[in-house]
1. Treating the beta-carbon of each Lys and Arg as +1 and of each Asp and Glu as -1, no other charges, what is the dipole magnitude of segment B:4-68 about its Cα centre, to the nearest 20 debye?
2. Shortest first and in nm to one decimal, what separations exist between B:ARG66 and its copies in the other chains, measuring from label points 7 Å along the Cα-to-beta-carbon line?
3. Cα centroids of segment A:1-80 and segment B:1-38: how far apart, whole angstrom?
4. Summing Lys, Arg as +1 and Asp, Glu as -1, what charge do residues with Cβ under 11 Å from the Cβ of B:ALA56 carry, B:ALA56 excluded?
5. Can you list the distances in nanometres, one decimal and ascending, from the A:SER18 label point to the identical position in each other copy, with the point 7 Å along Cα to Cβ?
6. Mind checking the mean number of beta-carbon atoms from other chains within 10 Å of the Cβ atoms in A:50-58?
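Where a number appears in this text, it was derived from the coordinates with a stated rule and is not lab data. Bear in mind that the values here come from a model prediction, so they are computed numbers and not experimental data. For neighbour counting, all protein chains shown are included, and Cβ atoms are generated from backbone atoms with ideal geometry for every residue, glycine included.
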Protein chains: 2
Amino acid sequence: MESTFAIIAEPNRRSILSLLAASECSVGELETQLRMPQSSVSKHLRVLREAGFVEARVEAQRRVYRLRPEPLMEVDEWLTPFRRFWTAHVDALERHLDRMDKTPETPTKGKKR
Amino acid sequence: MESTFAIIAEPNRRSILSLLAASECSVGELETQLRMPQSSVSKHLRVLREAGFVEARVEAQRRVYRLRPEPLMEVDEWLTPFRRFWTAHVDALERHLDRMDKTPETPTKGKKR
DNA sequence: GCTTCATATGCCCGTCAAGTCATATACAAG
DNA sequence: CTTGTATATGACTTGACGGGCATATGAAGC
C-alpha cells in the first residue's frame, strides 16, 4: 500500500531490517532481540514482506526471514540527485552552479560553467 | 518530532526536496510547480525546516528555500550496512557468509542457540 | 485424537499527521 | 493608510497506522 519510504519510516521496521542485514532470523529470534510482542513483529514482517523488503522461507514451524535488496536500492537511487550536496570537494562548486540560477555574482573566484 | 525517515515518507515533501535539489525556490514557485495549495506547501516546508532539510532566506516578501544536506546524509549512512546486498560482485560471497551463520548442512533438525 | 510450539490475523482503540479553509502576519506599492 | 502580494498559522475533520489482546492456523510430537 504505502511507498518504500513510508515502510522504513517505522523505527521497529528499520530495526528488523538491520537485524536481517546481519543475518537471517526467525520471527521468534526477532521477537527476542527486539523485545517486542510477537504479534507486532509478525505484523511488521507482513508489511515488509508485501513491500518486497524481506522474504520468508518455511522451516518446520518456523519462518525464517531474509532481506531482499530491491526496495532499499530504490531508496539509494532516490538519493542520487542529492549526493552532490555532500560529496565534499565539489560542494562549493555545485552551490555556486545552483546559485547561478538566480544571481550572477562572482565572489572570490571567477567561475564559468 | 518524527525521525528523518518519517519526514521523507511524505510524497509531497520528497517532491519539494527534489525541486530544491535542482535549485532554490520560493514558496510560490513550489506552489505552482507542485500544484498544491499554498498552505500545504508552507506546512511541509515548516516540517522540513524544523528537521533541518531546508533553510529559508528572506528576500523582500518572499522566502527562498534551499536544501540542506545533513538529514539526507544520515539516510545515506543508514543504508551503508545494506549496500553489500546489491554491490554485485561481492554479493554471492556475502550471502554465503551470511548463511554460514546459521547452517553448515543440517536439514530438518532445529537447533537452539 | 489432543497438546504444544511458532506464527499469523482480526478487532478495537488511541494517536498523530495531512488536507482544507479561514485568518493572521509581513512587506511593498500607491 | 490602504490595498495587494507572499507566506505562515490556527482550528477542524478525516483517515491511516501501530499497539495490545485474543484467537486462528499449522506443524510437530505424544
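1. That gives a dipole near 80 debye.
2. 4.7
3. 28
4. Net charge around B:ALA56: +4.
5. Spelled out, the distances from A:SER18's label point are 2.9 nm.
6. 0
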